[in-house]
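Below: the structure, in structure tokens.
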Amino acid sequence: MPGPLTKKVPTPNPFWLASAPPTNSGDQVKRAFDAGWGGAVWKALGQPIQNVSSRFGSTNYFAGRHVGFNNIELITDRPLEANFREIAEVKRLYPKNAVIASLMVESRAEWRDIIRRAIDAGADGLELNFGCPHGMCERGMGSAVGQEPKVNEEITSWAVDYSTVPVLVKLTPNVSDIVPHGLAAKRGGAHGVSLINTIKSVIGVDIDRFVPLPRVGDLATNGGYCGAAVKPIALHMVAALARHPDFRLPLSGIGGIATWRDAVEFMLLGSGTVQVCTEVMLRGYGIVGDLIEGLTEYMRTHGFQRLDDFVGRAVPAFREWGELDLNYEVVAKIDATTCIGCQRCLVACMDGAHQCIHPDPSGSRVPVVDESECVGCNLCQIVCPVDGCVTMEQVANGYAPATWREHEAAGVLLRPKKGSHG
Amino acid sequence: MTRDPLSPDRTEVVFADAKPAYTPAQAVIEAERCHQCHDAPCVAACPTAIDIPGFIRRIATGNARGAAGTIFASNVLGMSCARVCPVEVLCVGRCVYHEQGLPPIAIGRLQRYATDAAFAAGWTFFQRAPETGRTVALIGAGPASLACAHRLSVLGHRCVILEKRPLPGGLNTTGVAPHKMRADRALAEVDWVLSVGGIEVRTGVEVTDPEALEREYDAVFVGVGLGEDACLGVPGEDLPGIFGAVDFIERLKLGTVSLAGVGSAAVIGGGNTAVDAVRELRTLGVPRVRLVYRGGESAMSGYAHEWDVAKKEGAEAVWNAVPVAFEGDGAVRRIRCAVTRDRRPVPGEEFFVEADRVLLAIGQAKLGEIFGRLPGISLDRGRVVVDADGFTGRRGWYAGGDCANGGKEVVNAAAEGRRAADAIHRHLQGGRDA
Ligand SMILES: Cc1cc2nc3c(=O)[nH]c(=O)nc-3n(C[C@H](O)[C@H](O)[C@H](O)COP(=O)(O)OP(=O)(O)OC[C@H]3O[C@@H](n4cnc5c(N)ncnc54)[C@H](O)[C@@H]3O)c2cc1C
Ligand SMILES: Cc1cc2nc3c(=O)[nH]c(=O)nc-3n(C[C@H](O)[C@H](O)[C@H](O)COP(=O)(O)O)c2cc1C
Ligand code: SF4
């Protein structure tokens with residue numbers, strides 16, 4: 001793995017605020033640094049814009065409030081002079097914290113000008129916003145750039161030419177495969193890549209007014225999706241770049257990070273720094289205490305001395321489906337002593353899996369797994385409300401490991417199929 | 001610290017935890033309910049201002065160590081407070097879930113979860129500042145002195161705690177109802193506090209000449225708590241079968257009490273000690289237990305939430321009555337009571353309450369007297385008068401806990417002890433009242 005960007009941009013810890021409302025002003029960033037954030041990617045700077053009122057939306061899943069979040073906000077709507085003045089002041093007061101200027105303009109001359117001003121103000125690095133999927137892309141910026149590898153490469157190369165500080169390219173997830181876009185940034189000379197920006201989304205619909213959300217008067221537009229729900233998409237994109245042999249650039253992971261555990265997951269898949277937006281919007285800067293403590297404790301329990309000891313540690317295990325062992329076998333076991341008898345596993349298996357969890361004939365509410373038919377899909381464990389009650393246990397079936405490729409190529413023996421195959 | 005082990009047969013071991021420990025999964029589920037309020041009302045209601053949403057969020061993320069660290073940063077006695085605090089009238093009582101008409105967050109149980117995890121794992125959170133060469137004497141080894149000494153030690157001062165009893169911990173060890181916390185847990189907390197280093201506890205040492213301490217120490221903290229159970233001063237009060245409630249509770253916690261043959265007991269008083277005593281007698285199997293109180297139910301100073309549980313456990317009450325004599329042949333058998341109006345006896349209106357065991361829970365003596373003799377220290381009805389920092393007015397003398405506040409809770413003693421430590425530190429650094 002390449003060293004994390006933190007070596008090029010000094011930061012007391014790997015936790016940065018993503019470019020978004022929490023980094024809108026010097027006052028906010030100062031409070032964030034006081035709370036313990038290592039760095040801040042300033043709210044994207046560019047030519048003056050006007051925002052709509054009514055900008056955010058949120059989606060719930062039963063008791064899970066704002067599992068997903070979206071916005072139709074553009075880049076900063078504050079004067080550039082004010083932003084640069086505040087960047088300079090923050091850098092003067094917090095020389096040890098990383099301040100990254102997020103930038104989004106159009107012409108080469110504009111890029112040159114804004115980069116000079118950002119560096120003059122004291123920014124430790126630049127982040128090129130090629131990601132915003134709403135509003136700005138209609139003007140040929142944001143994701144409109146991030147979706148075109150050629151444009152991405154060209155603008156990145158301008159920025160790298162003009163910049164005396166490290167340049168990060170912030171990628172959009174609104175592409176079918178992230179790899180060509182990461183490689184374009186690399187060809188352009190970027191020093192690192194941050195991802196993901198938000199995902200095109202409609203967060204909901206006002207079902208009585210017949211207008212999608214968030215509603216601006218009687219109309220609505222697509223927004224950018226973020227928050228906890230996007231983490232799996234972000235993790236995949238981070239991992240896809242981290243494992244690509246030609247990529248090898250530092251990664252700053254973003255998307256749905258709410259706890260230290262989420263951050264560790266991004267790090268294990270190759271992120272040297274992580275950025276947070278939505279969770280801070282929902283809970284405030286104070287969450288960083290737990291992020292730092294949780295990471296520290298995680299490192300202590302694993303005996304890791306520095307981030308390099310584990311950044312990217314899970315990347316080698318992230319492979320193609322065809323490399324997986326088809327003879328690896330697990331079955332579900334239900335611990336009768338902790339089972340509360342809700343039988344959610346039973347209905348899940350009956351209706352959504354392979355019909356191998358049954359009521360106990362003796363009348364107990366603890367269901368019984370028919371291990372001879374259990375395919376080991378994990379669904380029952382996933383729906384069980386009691387931690388550790390359903391476990392997936394490996395079966396010593398006597399078959400040697402075999403991938404599909406090995407089976408196809410060399411006829412390596414596969415274990416018999418299970419699960420109502422008749 | 002070496003000390004005699006507690007007897008495994010002491011009476012208190014029969015008491016079950018009123019609020020049992022959470023499993024990790026239970027704790028996370030409860031923690032996830034927390035709204036994470038800003039400027040949270042629960043924090044404002046905690047005398048030690050623990051960052052409650054902060055520690056609960058850490059439990060929700062699986063960061064129990066950080067949760068415990070957050071608690072101890074504000075209150076080093078967070079483990080006992082988790083168990084003994086009347087949370088219903090403190091943090092939990094202010095939870096905004098009440099405004100939503102839903103059950104409040106079980107803050108005490110979550111705090112217990114985090115602090116127990118820290119004790120079990122042996123996590124340490126404090127590093128002493130370099131030795132200052134100053135030594136502070138603390139009188140009494142109760143919560144106030146322990147909190148004070150711990151803070152002083154972290155700030156680099158040495159501490160010597162002088163405790164007249166054989167065991168440290170104050171009322172956490174000798175008085176708190178065992179369904180909240182047993183003595184072994186209180187002693188474990190003392191050891192945990194002392195593990196920071198720089199604190200010596202001398203048990204079996206009663207301070208009778210406080211002035212002498214001035215020659216030996218750079219500052220003194222008075223944390224002597226309250227004294228003996230008060231008496232009514234009525235005929236028959238010395239009959240066998242009549243005990244002070246705090247004295248009785250100390251015996252049931254550290255030794256054994258026998259209630260064999262006791263068919264009917266009465267507890268005189270209406271405060272929290274009285275309610276605790278009633279519940280303890282019921283749990284120990286006394287068939288009929290009655291509270292005898294000079295006011296009505298709404299006038300009692302004991303917490304309503306505790307009295308409600310006592311009633312569910314079968315306790316009864318005789319309201320608006322005050323004993324005028326105890327009667328019996330060789331041992332107490334009945335209490336002659338006067339009816340009260342506005343808490344005063346009405347002459348001539350008397351009746352009897354049968355009781356072959358009586359506990360007096362009408363208050364405890366104040367211990368300020370020996371300190372009041374020192375110029376600069378003043379007393380208010382036996383209570384040591386202090387300013388907001390715990391300063392008594394005599395150079396180098398500070399006080400906190402029950403002896404200064406007149407008798408509150410463990411968490412108040414913890415808060416006042418810590419606050420006094422900060423003031424003592426400033427004093428030793430040559431600050432304000434040097
Ligand atoms: C029966 C009972 C139940 C209670 N239950 C609760 C509860 O559930 N929750 C709660 O929050 N609070 C409870 N309290 C109140 C709580 O225990 C006190 O507020 C708290 O312990 C006060 O701490 P302290 O350090 O000021 O005094 P104490 O805990 O009283 O400690 C003072 C110590 O000083 C020692 N001492 C006294 N004089 C001298 C001397 N001259 N020399 C040397 N040592 C001396 C004493 O032996 C004692 O160990 C209860 C109180 C009682 C009486
Ligand atoms: C209201 C809002 C405004 C945002 N503005 C910007 C922006 O100006 N520039 C940018 O690069 N990303 C912007 N983002 C995207 C975030 O920086 C981040 O990439 C995304 O929200 C995913 O992270 P999260 O799940 O932690 O929120 C914005 C996100 C939100 C919710
Ligand atoms: S969060 Fe603040 S800015 Fe947004 S709608 Fe509410 S009051 Fe207005």
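The values are calculated or read from the model by the stated rules, or taken from the named source; none is laboratory data. Predicted, not measured: the structure shown is a model, and the values here were computed from it. Virtual Cβ from ideal backbone geometry, glycine too; neighbours counted across all protein chains shown. These accessible areas exclude ligands, DNA and RNA; they are computed on the full protein's heavy atoms, side chains included. Shrake-Rupley method; radii C 1.70, N 1.55, O 1.52, S 1.80 Å.
Just a few scattered comments:
- Amide hydrogen proximity for residue B:201: with H placed 1.01 Å from N in the peptide plane, the residues at 5 or more positions away or on another chain lying under 5 Å are B:161.
- Extent along principal axes [Cα atoms of the protein assembly as shown; Å; largest to smallest]: 104, 76, 58
- Whole-Å distance, taken between Cα centres, linking region A:114-146 and region A:38-54: 10
- Multiplying the residue separation of residue A:63 and residue A:244 by 0.36 nm and removing their Cα-Cα distance gives an extension gain of 61.3 nm.
- Base-10 log of normalised Debye intensity for region B:267-338 (one unit scatterer per alpha-carbon) at q = 0.11, 0.15, 0.19, 0.21 Å⁻¹: -0.26, -0.48, -0.74, -0.88
- The phi torsions of region B:380-390, fed into the Karplus equation with coefficients 6.51, -1.76 and 1.60 and a -60° offset, translate into couplings of 10, 6, x, 8, 6, 7, 9, 8, 4, 8, x Hz, rounded to whole numbers, with Gly and Pro shown as x.
- Listed residues B:122, B:78, B:142, most fluctuating in chain B (Gaussian network, C-alpha, under 10 Å): B:122
- Charge dipole (Cα centre; +1 on Lys/Arg Cβ, -1 on Asp/Glu Cβ; no other charges) of chain A amounts to roughly 860 debye.
- Solvent-accessible area buried by A and B, counting both chains, probe 1.4 angstrom, square angstrom: 1000
- Reachable aspartates and glutamates from residue A:186, criterion Cα separation under 18 angstrom, eight or more residues apart if same chain: A:127, A:148, A:153, A:154, A:161, A:177, A:246
- The stretch between residue A:404 and residue A:31, if pulled fully straight at 0.36 nm per residue, gains 128.9 nm over its current Cα-Cα span.
- Added length on full extension, which subtracts the Cα-Cα distance from 0.36 nm per residue, residue A:360 to residue A:78: 95.0 nm
- The Cα center of region B:214-257 and the Cα center of region B:368-434 differ in position by 21 Å.
- Taking the accessible area of the protein assembly as shown, probe 1.4 Å, and keeping the other protein chains in place, the carbon and sulfur fraction comes to 52%.
- Within the shell of other residues whose beta carbon sits under 13 angstrom from the beta carbon of residue A:228, the net charge comes to 0, with Lys and Arg scored +1 and Asp and Glu -1.
- Distances between placed amide hydrogens fall under 5 Å for residue B:366 paired with B:227, all partners being 5 or more residues away or on another chain.
- Charge tally in the Cβ shell below 15 Å around residue A:340, where Lys, Arg are +1 and Asp, Glu are -1, residue A:340 excluded: -1
- Under 16 Å from the residue B:128 label point (7 Å along Cα→beta-carbon), backbone N, region B:1-30: B:1
- Placing pseudo-labels 7 Å out from each Cα toward the beta carbon at residue A:336 and residue A:216 gives an inter-label distance of 6.2 nm.
- Under a Gaussian network description of chain A, with springs only between Cα atoms under 10 Å, the residue in A:65, A:116, A:365 that fluctuates furthest is A:365.
- Within a Gaussian network of chain B (alpha carbon springs, distance under 10 Å), most fluctuating of B:178, B:53, B:20: B:20
- Amide H partners (placed H, <5 Å) of residue A:163, local residues excluded: none
- Of the residues in region A:270-298, those shielded by at least 20 Å² of accessible area once partner protein chains are present, compared with the chain alone at a 1.4 Å probe, are A:283, A:287, A:290, A:293, A:297.
- For region A:153-226 and region B:107-184, distance of Cα centres in Å: 54
- FRET efficiency estimate (nearest 0.05) - Cβ-Cβ, residue B:331 to residue A:368, R0 45 angstrom: 0.10
- Partner lysines for residue A:43 [C-alpha distance under 16 Å; skip if fewer than 8 residues away on the same chain]: A:30, A:91, A:170
- Partners for residue B:311 among lysines (Cα-Cα distance below 29 Å; same-chain residues under 8 apart left out): B:19, B:180, B:253, B:408
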